[in-house]
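One structure below.
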Amino acid sequence: MRTNVYVDGFNLYYGCLKGSPYRWLDLEALCARLLPKHTIHRVRYFTARVTARPGKPHDPVHQQIYLRALSTLPSVSIHLGHFITKPTTMPLANPIPGGPKFAEVLKTEEKGSDVNLATYLLADAFRDDADAFVIVSNDSDLTEPMRIVCHELGQVVGILNPHPPARRSRALLSCKPTFFKQIRAGALAASQLPPTLTDQTGTFHKPVGW
């Protein structure tokens, strides 16, 4: 069964990769391991470029190295959203009696990735680009596009959930996908990229600490 996989990069990261030794993840290998009866046609990876933050000045460099690594995988394509940072007034959690109840903060939001994922999922399904369509996410915002692909277009739809079982999105499961699988640490550990890779620019290495 020829299969497309749509990876919500930030949902995957915060679901099972953050703080783990498995961030140098080979998406092709992971999909092949979790979907052994499928032929992986495309892996679409959706993310946005991060910026340096206090205490994490190397995040943009590490992300760029990882995107470069993913670009060496033949079936993987990268689709970028963007971040928006703007001042926002928000209520204080524990205001001091007689003091201010609100504070102005800088709020950073990632924009575009979930919309891009839904768009490519629907477009690929409408043109019969594959026999099965699988998302790697636990984001309830993807419920409706998945329902349309599964129940209106009659396509095979699967979910690979990166979040712990206790945090599974009931809304996402309500679309009644064809199948559901949990991403576990063993699969992540067995699906790591080589520590040294080479592309048309030269040789590069897994970031220290990854």
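None of the figures in this text is laboratory data; all of them are computed from the coordinates on show. Keep in mind the model is a prediction, meaning the values are calculated, not measured. Cβ coordinates were reconstructed from backbone atoms using ideal geometry, including for glycine residues, and neighbour counts include every protein chain displayed.
Please report the antiparallel percentage of the DSSP beta bridges confined to the range 1-109, to the nearest 5.
Details: 9 of 21 bridges.
Of those bridges, close to 45 percent are antiparallel.
Pop the C-beta distance of Arg2 and Asp141 into the FRET formula with R0 = 35 Å and round what comes out to the nearest 0.05. Before the final figure, lay out the partial values.
Working: r = 26 Å, r/R0 = 0.75.
Computed FRET efficiency for Arg2 and Asp141: 0.85.
Which cross-chain or sequence-distant (5 or more) residues have an amide H under 5 Å from the amide H of Asp131, H modelled 1.01 Å from N in plane?
Arg2, Thr3, Asn4
Out of Lys181, Lys56, Lys101, any idea which swings most in a Gaussian network model of the chain, alpha carbons joined below 10 Å?
Highest fluctuation of the listed residues: Lys101.
In what order do Phe180, Phe102, Phe133 fall by count of nearby beta-carbon atoms within 10 Å, going from fewest to most?
The most exposed by this proxy come first: Phe102, Phe180, Phe133.
If amide hydrogens are placed 1.01 Å from N in the peptide plane, which non-local residues have theirs closer than 5 Å to the one on Gln192?
HN-HN under 5 Å from Gln192: Asp26.
Between Leu73 and Lys37, what FRET efficiency follows from the Cβ-Cβ distance if R0 is 22 Å, with the result rounded to 0.05? Please list the in-between numbers first.
Numbers: r = 21 Å, r/R0 = 0.93.
Rounded to the nearest 0.05, the efficiency is 0.60.
With the dipole of the chain worked out from charges on the C-beta (+1 for Lys and Arg, -1 for Asp and Glu) around the Cα centre, which of Gly186, Ala29, Ala118 lies farthest toward the positive end?
The residue sitting farthest along the positive end of the dipole is Gly186.
Residue-wise, which Karplus ³J(HN,Hα) couplings in Hz belong to the range 18-33, taking 6.51 cos²θ - 1.76 cosθ + 1.60, θ = phi - 60°, and x for glycine or proline?
These are the phi-based 3J(HN,Hα) values: 4, x, 9, x, 10, 5, 7, 8, 8, 5, 4, 5, 5, 5, 5, 6 Hz.
Using Cα springs under 10 Å in a Gaussian network model of the chain, which residue among Glu104, Glu144, Glu152 shows the largest mean-square fluctuation?
Ranking Glu104, Glu144, Glu152 by mean-square fluctuation puts Glu104 first.
Would you mind calculating the gained length between Glu104 and Phe126 on full extension (0.36 nm times residue separation, minus the Cα-Cα distance), in nm to one decimal?
Here the segment from Glu104 to Phe126 would lengthen by 3.5 nm.
Amide H to amide H, which residues 5 or more places from Arg184 or on other chains are under 5 Å from it, using H placed in the peptide plane?
Amide H to amide H, under 5 Å and 5 or more residues apart or across chains, Arg184 pairs with nothing.
Over the range 94-202, what is the relative contact order in whole percent, taking alpha-carbon pairs under 8 Å and six or more residues apart? If you can, show how the numbers build up before the last one.
Working: 104 pairs, mean separation 22.9, N = 109.
Computed value for the range 94-202: 21 percent relative contact order.
Can you tell me the relative contact order of the chain? Whole percent, Cα pairs under 8 Å, sequence separation 6 or more.
So the answer I get is 26 percent.
Pick out, from Ala103, Thr72, Gly154, the residue whose Cα sits farthest towards the positive end of the charge dipole of the chain, with +1 on the Cβ of Lys and Arg and -1 on the Cβ of Asp and Glu.
Ala103
Given the C-alpha centroids of the range 158-210 and the range 34-62, what is the distance between them in whole angstrom?
9
With +1 assigned to the C-beta of every Lys and Arg and -1 to the C-beta of every Asp and Glu, and no other charges, what is the dipole magnitude of the chain about the Cα centre in debye, to the nearest 20?
560
With the Cα gyration tensor of the chain giving a ≥ b ≥ c as the square roots of its eigenvalues, does the rule (a/c under 1.5 for rounded; else a/b larger than b/c for prolate; else oblate) give rounded, prolate or oblate? Walk me through the intermediate numbers first.
On the way: a/c = 1.92, a/b = 1.25, b/c = 1.54.
Note, shape of the chain comes out oblate.
Can you tell me which of Ile135, Ile159, Ile78 moves the most in a GNM of the chain? Springs connect C-alpha atoms under 10 Å apart.
Per the Cα network of the chain with a 10 Å cutoff, Ile78 tops the list.
May I ask you to derive the relative contact order of the range 1-80, considering only C-alpha pairs under 8 Å and at least 6 residues apart, and to give it as an integer percent?
Working: 92 pairs, mean separation 29.4, N = 80.
After rounding, I find 37 percent.
Just list whichever of Lys37/Lys206; Lys181/Lys206; Lys56/Lys101; Lys18/Lys101; Lys56/Lys206 have alpha carbons separated by over 23 Å in the model shown. Could the numbers behind the result be given before it?
Details: Lys37/Lys206 30 Å; Lys181/Lys206 28 Å; Lys56/Lys101 30 Å; Lys18/Lys101 33 Å; Lys56/Lys206 17 Å.
Table pairs above 23 Å Cα-Cα are Lys37/Lys206; Lys181/Lys206; Lys56/Lys101; Lys18/Lys101.
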